[in-house]
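Every number here is computed from the coordinates shown, using simple stated rules; none is lab data. Here the structure is a predicted model, which is why all the values come from computation and not from measurement. FYI the Cβ positions are ideal-geometry reconstructions off the backbone, even for glycines, and counts take in every protein chain you see.
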Amino acid sequence: MSEFASAPLKPTTCTSPTDEAGAGKPLLCAIELEKTFDDGGRLITVLKDLELSVVSGERVAVVGHSGVGKSTLLHILGSLEKPTKGKVVFEGQDLFALGPRALAEFRNRQLGFVFQFHYLLADFTALENVAMPARIARLGESRARQLAIEALKSVGLSNKAHRRPAELSGGEQQLVAIARAIVMRPKLVLADEPTGNLDAHTAEEVTNLLVRLNTELGITMVVATHNERLARQMRRVLRLKDGRLWQES
C-alpha cells in the first residue's frame, strides 16, 4: 500500500452539511478521541486526538501494524468501550451520552459487528444464530425467522440454515457471522479483521461479499484489516499511526 499523507485527518464537528469530498452529512464521527490504558501504573496512550468522519454508504478501511489500536478504535466506534475522552457521534447523537438501555438498543438496531472469530453459539443452528439479534429486539419468532432466512440468503448460505457451526467450514462460519451482523438491516457494520482466520480463497469470497453488501444494500462499513486485497476494495483507506488516522495517498 502507499505511504500515508503528511498530516492526520482534519478535526470535525460532525455538524457540517458535507464531508471533505462533498458527499453528504456524516453518519458517524469521532471527535478528539483519546484512549489510555494503565499498565501497572504506567499510562499507555493508544489513541490521541483522533478524528474521523464517515458518510452514509462509505466503505472505509483502517490499516496499521498489530497492536496499534485498530480493534480498540472499532470497539469505541461501536460503543463497546468508552474513550478516555472525546466523543463518538452517530446521526447527531453523542453515543456515550445515552443511558445503558438506549445504548444497547442502538447497538442492536443500528450496528452490525463482525469479528475475526465468528462467536457463533455451538448448540444453535445457523438460522438460530442469525436470528438472535431479532429475538433480542423482541420482533417475534416469525419475523425473526424471516429476517434470518433473508440474511442467510444474502450471504449465499440459505441451504445451510439448519446446520450447527461444527457442521460448517471456517469460511461458512464467518458468512453466518456476517449474516447475523446484517439481520437487523443496520446502517453501519464494523468489521475487525473479518478475513484474519481464513485462507486466501475464502478471504477473497468474504471480501467480495462485504463489497456487495455495501453496494447493493447501502450498508456503511468500517473495516480494520491487515489484508491488502480487502483494504484496496474499500473506497477510502486510513492508516492508524501514532494514535491518529492518516489518509493514504
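Which part of the stretch 124-146 falls in the paramagnetic zone of A166, meaning amide N under 12 Å from the point 7 Å along Cα-to-beta-carbon?
Output list for this probe position: 124.
Under a 10 Å cutoff between Cα atoms, tell me which one of T225, T72, T45 has the largest fluctuation in the Gaussian network model of the chain.
T45
As a footprinting exposure proxy, order H75, H226, H201 by other Cβ within 10 Å, with the fewest listed first.
Fewest-to-most Cβ neighbours within 10 Å comes out as H201, H226, H75.
Where a ≥ b ≥ c are the square roots of the eigenvalues of the C-alpha gyration tensor, would you call the stretch 120-234 rounded, which needs a/c under 1.5, or, failing that, prolate if a/b is larger than b/c, or oblate?
oblate
Charges at C-beta only: +1 for Lys and Arg, -1 for Asp and Glu. How large is the resulting dipole of the chain about its Cα centre, in Debye rounded to 20?
That gives a dipole near 560 debye.
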